[in-house]
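See structure below.
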Amino acid sequence: MNQDYVDDELGWHIRVRPSEGGLDYAYTNLATGETIEGWAMKEAFLPPREEIARHVAEKNRYAELREAGVLGCQISRRIMEMVALLHERGFESLYLDPVMAPHGMCWRYVIGAMVEGTWLHPDCGFGEGACVRGSICGGHDQEILWAKCTDGLVALADGFLSSYLSLAASARQANAKYVAWYREMLEATGPEGVLIFSCEYGPDHEYAFTLDERKDFRMALPPGFVNRTIY
């Protein structure tokens, strides 16, 4: 299959070339310059119109999720910013311990309270206790235990405090070093960087980093951090 033509009805330039073991394709929107490129085995190759329709549908869904504020990075970032807001309210020893799921699609987090400036990693359960943990992948069906995934920052913070009274009380301890580190991290990773320390079930890295490919962000691990046990 070797094609090079303009689909006037769609307004896309279509180019398909044979390649070793399959087909290279490149489709360019003549109005916007947007290009879809890829490679596929011949038996898995989709007709250009079908591939373009699939791409457009995915792009539209992404735009809808972003508009609603429920992309994974948006929800995760609000949780990160919620912790900073709670620091401002006096819960300075509340810490956030984030990892990435092994498949790379979900952000896992643990929120706990330090003891004498040191992180604890007990066998965490939900509800009132030593810590709260959850997982964010993105979408309207996401669950945050203490709020709705579309809630704003203040509603998130208020819901957390009312849901986890014991944990919040434990975190009402001065912790200027961690608060300063956290504030610096948020500023360096804004506006949508998602903090992680490691991949779940893997070793901790020697530094904090984010999934934001636009930023080459590395930062020393926070004060009080202790290598976690496997959750």
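The values are calculated or read from the model by the stated rules, or taken from the named source; none is laboratory data. Please read all numbers here as calculations on a predicted model, not as lab measurements. Ideal geometry is used to build each Cβ from the backbone, glycine not excepted, and the neighbour counts take in all protein chains shown. For the accessible areas, the whole protein counts, side chains as well, though only heavy atoms, and no ligand, DNA or RNA atoms are used. Shrake-Rupley method; radii C 1.70, N 1.55, O 1.52, S 1.80 Å.
Miscellaneous remarks
- Förster radius 22 Å - calculated FRET efficiency between Glu143 and Met41, Cβ distance, rounded to 0.05: 0.05
- Within the set (i) 19.5; (ii) 20.2; (iii) 18.6, the number that Kirkwood radius over Cα pairs in Å takes when calculated for this structure is listed as (ii).
- Each peptide among 149-159, 21-31 gets the average number of other Cβ atoms lying within 10 Å of its residues, and from highest to lowest they stand as 149-159, 21-31.
- Estimated distance in nm for a label pair at Ala169 and Ala155, the labels positioned 7 Å out from Cα along Cα-to-Cβ: 2.8
- Surface share of carbon and sulfur [accessible, 1.4 angstrom probe, percent] for the stretch 68-118: 53
- Remark on Val70: its backbone amide H falls under 5 Å from none of the residues 5 or more positions apart or on other chains, H modelled at 1.01 Å from N.
- Angle of helix 176-189 to the longest C-alpha principal axis of the chain, folded into 0 to 90 degrees and rounded to 10: 10°.
- For Cys199, distant residues with modelled amide H under 5 Å away: Met100
- Only lysine pairs 8 or more places apart, or on different chains, with alpha-carbon atoms under 30 angstrom apart are counted in the chain, and they number 5.
- Beta bridges by DSSP in the chain, antiparallel share as percent, to the nearest 5: 95
- Put simply, the amide H of Gly134, placed in the peptide plane, has neighbours under 5 Å in Tyr109, leaving out anything fewer than 5 places away on its chain.
- Global form of the stretch 1-117, assessed from the alpha-carbon gyration tensor, a/c cut-off 1.5: prolate
- The GluC sites (Glu not before Pro) of the stretch 55-119 that meet both conditions, a loop assignment by DSSP and at most 14 other Cβ atoms within 10 Å of the site Cβ, are Glu116.
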